[in-house]
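Trainee: Structure in structure tokens, see below.
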Amino acid sequence: MSGPVDDSLHIGLTYDLREEYLALGYGEEETAELDQPGTIDALEETLRSLGHRTERIGRVDRLMERLLRGDRWDLVFNIAEGIRGLGREALVPALLDHYGVPYTFSDPLVLALTLHKGMTKHVVRDAGVPTPDFVVVEDAERCAVSLPFPLFVKPIGEGTGKGVDGRSIVKDQAELEARCRELISRFRQPALVEELLPGRELTVGILGTGDRARAVGTLEVILLPGAEPGAYSYVNKERCEELVEYRLVHAAQDAVVAEAEAVALAAWRALGCRDGGRVDLRCDRWGHPSFMEVNPLAGLHPLHSDLPILSTLAGLSYPDLIDSIVRSAAVRVQPRVARIVASRRRAPRAAPTSRRRTSAGAAH
């Protein structure tokens, strides 16, 4: 720790614990994107090791109670995903904006936009970022498309591979209609239909905002024997220890990776994402990477989530990852917060002492 205790930031933590929502009656799939207690423990421990004072707030209803009571924080470290609707990730930042409380990661507009995969692709395509052609299907009875088969179909606003499985690749109109009908009924939202990208799957970790954003590293997602073929699916993510290999690949040694990182940064900046997250890409038939989707609220479990895993493999410890996110957010907030963060020494910090796993878990 550097600096006296009274010179630290008072950081509130907003999050959604999966076990709390399961206790409220929500299902396993509905809560798949939410956090485990270990994530909050690691995040709080790390922030304290960086010299900050932390306070657990929790989910949005508790945040509302605290704000109405008059409680305030220098900064809120927000990883709350929400539970309902396409604006669920935007709710906590919108409340914090209203009360003038600064927070980490993207603003309500960006979080609402990027949860809707179709609207996201409109924006990145207009910005000149390569992404496969697509159609948003709202009615399964009217899903004739002019795109060439095979196609890939997934829900418009889900994460953690929800709604993605071995039947996501459709080869004809009959399969397309059946798949759209199932997803629209099951998730009560439109389906995204896009051209199939048959090549390598990559995820790029990004830290920073705007011109300050940089690629931290890139993982290649390799499906092992026994995995659901053709997609980084819900099952493959849930059982990633046995079904998936995550391989760090280097832009300096691989031209495709260098191109992927350039595409990822272009998409990140075009969408206005902030502080840290991931961009997922896949290569087309010619081997060129195309944007698939962005995760501006990436999982932060130090051993199981993609962003911390790739950061650690790339030489950035978990404490330095969290410190970088706080520093990026501090640029936007009041002078006192920015001054405190800037005054802290940037000495290298050790990664968590427990043994790092080589693959990610359910919270990605």
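Trainee: Where residues in segment 239-287 are of a type in the set (Val, Ile, Thr), at pLDDT 95 or above and under 14 Å from residue 220 (Cα atoms), which of them is most open to solvent (accessible area, probe 1.4 Å)? Write out each step before concluding.
Mentor: First, the residues of segment 239-287 that are of a type in the set (Val, Ile, Thr): 244, 249, 256-257, 263, 279.
Then drop every residue that is not at pLDDT 95 or above, which leaves 249, 256-257, 263, 279.
Subset that is under 14 Å from residue 220 (Cα atoms): 249, 256-257, 279.
Values: 249: 19, 256: 34, 257: 0, 279: 0 Å².
For segment 239-287, the residue satisfying everything is 256.
Trainee: Let me ask you something else. Report every pair of residues separated by at least 6 positions or lying on different chains whose Cβ atoms are under 8 Å apart, first residue within segment 224-252 and closer than 21 Å to residue 285 by Cα and outside any loop (DSSP other than H, G, I, E, B), second open to solvent by less than 20 Å² (accessible area, probe 1.4 Å) and β-branched (Val, Ile, Thr).
Mentor: 249/218; 249/257
Trainee: If I filter segment 213-226 down to residues being more than 18 Å from residue 297 (Cα to Cα) and open to solvent by 20 Å² or more (accessible area, probe 1.4 Å), which single residue comes out as modelled with the highest pLDDT?
Mentor: Result: 220.
This table checks each residue for (1) open to solvent by 20 Å² or more (accessible area, probe 1.4 Å); (2) in contact (Cβ under 8 Å) with a residue 60 or more places away in the chain; (3) more than 21 Å from the chain's Cα centre (by Cα).
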| residue | (1), (2), (3) |
| --- | --- |
| 124 | no, yes, no |
| 133 | yes, yes, yes |
| 149 | yes, no, yes |
| 155 | no, no, no |
| 159 | no, yes, no |
| 163 | no, yes, no |
| 171 | yes, no, yes |
| 184 | yes, no, yes |
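Trainee: Assess whether residue 336 counts as being surrounded by fewer than 23 Cβ atoms within 10 Å (Cβ to Cβ), part of a loop (DSSP other than H, G, I, E, B) and at pLDDT below 95.
Mentor: For residue 336, the condition - surrounded by fewer than 23 Cβ atoms within 10 Å (Cβ to Cβ), part of a loop (DSSP other than H, G, I, E, B) and at pLDDT below 95 - is not met.
Trainee: Got at least one residue in segment 68-77 being of a type in the set (Gly, Ala, Ser) and over 23 Å from residue 306 (Cα atoms)?
Mentor: yes
Trainee: Name the residues in segment 173-182 that are surrounded by fewer than 20 Cβ atoms within 10 Å (Cβ to Cβ) and of a type in the set (A, V, I, L, M), would you? Spell out the reasoning first.
Mentor: Restricting attention to segment 173-182, the residues satisfying the condition of being surrounded by fewer than 20 Cβ atoms within 10 Å (Cβ to Cβ) are 173-175, 177-178, 181-182.
Of everything in segment 173-182, those that are surrounded by fewer than 20 Cβ atoms within 10 Å (Cβ to Cβ) and of a type in the set (A, V, I, L, M) turn out to be 174, 178.
Trainee: Could you tell me whether any residue of segment 10-31 is in a loop (DSSP other than H, G, I, E, B), open to solvent by 30 Å² or more (accessible area, probe 1.4 Å) and within 30 Å of residue 342 (Cα to Cα)?
Mentor: Among the residues of segment 10-31, not one is in a loop (DSSP other than H, G, I, E, B), open to solvent by 30 Å² or more (accessible area, probe 1.4 Å) and within 30 Å of residue 342 (Cα to Cα), which makes the answer no.
Trainee: Only residues that are within 28 Å of the chain's Cα centre (by Cα) and closer than 21 Å to residue 230 by Cβ: list them for segment 135-146, please.
Mentor: 135, 137
Trainee: Would segment 151-164 turn up any residue that is over 30 Å from residue 274 (Cβ atoms), modelled with pLDDT under 95 and not basic (Lys, Arg)?
Mentor: Keep residues of segment 151-164 that are over 30 Å from residue 274 (Cβ atoms), which gives 151, 153.
Next cut, modelled with pLDDT under 95 only: none.
No, every residue in segment 151-164 fails to be over 30 Å from residue 274 (Cβ atoms), modelled with pLDDT under 95 and not basic (Lys, Arg).
Trainee: For segment 273-304, enumerate the residues that are in contact with a Gly (Cβ under 6 Å, 6 or more places away or on another chain) and under 23 Å from residue 87 (Cα atoms).
Mentor: Correct list: 278, 295, 296, 298.
Trainee: Identify, from the list 80, 90, the residue that is more than 17 Å from residue 272 (Cα to Cα), surrounded by 20 or more Cβ atoms within 10 Å (Cβ to Cβ) and modelled with pLDDT of 95 or more.
Mentor: Going through 80, 90 in turn, just one is more than 17 Å from residue 272 (Cα to Cα), surrounded by 20 or more Cβ atoms within 10 Å (Cβ to Cβ) and modelled with pLDDT of 95 or more: 80.
Trainee: Here are some residues: 56, 69. Which one is of a type outside the set (A, V, I, L, M), within 12 Å of residue 13 (Cα to Cα) and open to solvent by 10 Å² or more (accessible area, probe 1.4 Å)?
Mentor: Just one listed residue meets the conditions, 56.
Trainee: Can I ask one more? Could you tell me whether segment 93-108 includes any residue that is assigned to a helix (DSSP H, G or I), of a type in the set (Asp, Glu) and within 26 Å of residue 326 (Cα to Cα)?
Mentor: yes
Trainee: Take the residues in segment 32-48 that are aliphatic (A, V, I, L, M) and open to solvent by less than 10 Å² (accessible area, probe 1.4 Å); name whichever of them is nearest to the chain's Cα centre (by Cα).
Mentor: The residue in question is 34.
Trainee: Condition check: under 22 Å from the mean Cα position of the chain (by Cα) and either among the aliphatic types (A, V, I, L, M) or part of a helix (DSSP H, G or I) (or both). Does residue 176 satisfy that?
Mentor: The answer is no for residue 176.
Trainee: So, one more: Looking for whichever is assigned to a helix (DSSP H, G or I) and either of a type in the set (S, T, N, Q) or touching a helix residue (DSSP H, G or I) at 6+ places or on another chain (Cβ under 7 Å) (or both) here; the options are 181, 186, 167. Which one fits? Full working, then the answer.
Mentor: On the way: 186 fails: either of a type in the set (S, T, N, Q) or touching a helix residue (DSSP H, G or I) at 6+ places or on another chain (Cβ under 7 Å) (or both); 167 fails: assigned to a helix (DSSP H, G or I).
Sole residue among the options that is assigned to a helix (DSSP H, G or I) and either of a type in the set (S, T, N, Q) or touching a helix residue (DSSP H, G or I) at 6+ places or on another chain (Cβ under 7 Å) (or both): 181.
The values are calculated or read from the model by the stated rules, or taken from the named source; none is laboratory data. Treat the numbers as computed from the prediction; the structure is a model and nothing was measured. Quick reminder, even Gly has a Cβ in these numbers, built from the backbone with ideal geometry, and neighbours come from all protein chains shown. Note: areas computed on protein heavy atoms with side chains; ligands, DNA, RNA excluded. Shrake-Rupley method; radii C 1.70, N 1.55, O 1.52, S 1.80 Å.
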